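J.: The structure that follows is given in the form of structure tokens.
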Amino acid sequence: EAAARAGFAPDVIPGEYVAEAAVQALGEADDLQGKRVLLPRSTGARDALPRGLRELGATLEVVAAYHTVSVSERTEALRRLIDAEVVDLITFTASSTVRGFHESIGSDVGGAVVAAIGPITAETARELGYEVAAVAREYTIPGLVEACERWARERSPREP
């Protein structure tokens, strides 16, 4: 949708929004041997996409488009909220956000649990000691919101 708004028509849309699915979809859609690919991405992204594209024969120009910034200036405020147990659910949109949060806050988040945008982010959260209670079925922000809503409905008794 964002590409279309910017005037680009996507040639390939993977079935899942993970690097492995993107590599598979691109490989099925076109012969990438010798093709030049510009890959803007996060500085903390996994290597699965560039590695997969190179294995398909593409020549890559990888550009750091953004990086995740630590929450260090808000660490004390976040720690107070967590210690007061007023936080029930913490959302993560990428493995880099999990790592940045963990560097600032640690793995002790009181009774709070995690909602992750997808399985890769969920796995990173588990590896760092967080309890993952919800994972988006569609790996998008709207999908993450739906996962949070499902989690909230499942833990709250229904009104008669």
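The values are calculated or read from the model by the stated rules, or taken from the named source; none is laboratory data. Just so it is clear, the model here is predicted, and its values are computed rather than measured. Cβ coordinates were reconstructed from backbone atoms using ideal geometry, including for glycine residues, and neighbour counts include every protein chain displayed.
J.: Say whether the condition of being touching a strand residue (DSSP E or B) at 6+ places or on another chain (Cβ under 9 Å), farther than 30 Å from E103 by Cα and outside the structural domain of T140 (by TED's automatic domain parsing) is met by at least one residue in the range 8-30.
T.: Within the range 8-30, one or more residues are touching a strand residue (DSSP E or B) at 6+ places or on another chain (Cβ under 9 Å), farther than 30 Å from E103 by Cα and outside the structural domain of T140 (by TED's automatic domain parsing).
J.: Identify, please: which residue in the range 109-125 is within 11 Å of the chain's Cα centre (by Cα) and of a type in the set (A, V, I, L, M) and is, among those, surrounded by the most Cβ atoms within 10 Å (Cβ to Cβ)?
T.: Out of the qualifying residues, it is A116.
J.: I would also like to ask the following. Take L26 and decide whether it is within 26 Å of G143 (Cα to Cα) and not in a loop (DSSP other than H, G, I, E, B).
T.: yes
J.: I want to confirm something. Restricting to the range 53-93 and keeping residues that are within 20 Å of the chain's Cα centre (by Cα) and either of a type in the set (F, W, Y) or closer than 18 Å to A133 by Cβ (or both), which single residue is surrounded by the fewest Cβ atoms within 10 Å (Cβ to Cβ)?
T.: Y66
J.: Does the range 59-72 contain any residue that is part of a helix (DSSP H, G or I) and at pLDDT below 95?
T.: Within the range 59-72, one or more residues are part of a helix (DSSP H, G or I) and at pLDDT below 95.
J.: For the range 126-143, what are the residues that are under 18 Å from A19 (Cβ atoms) and surrounded by 14 or more Cβ atoms within 10 Å (Cβ to Cβ)?
T.: V135, A136, E138, Y139, T140, G143
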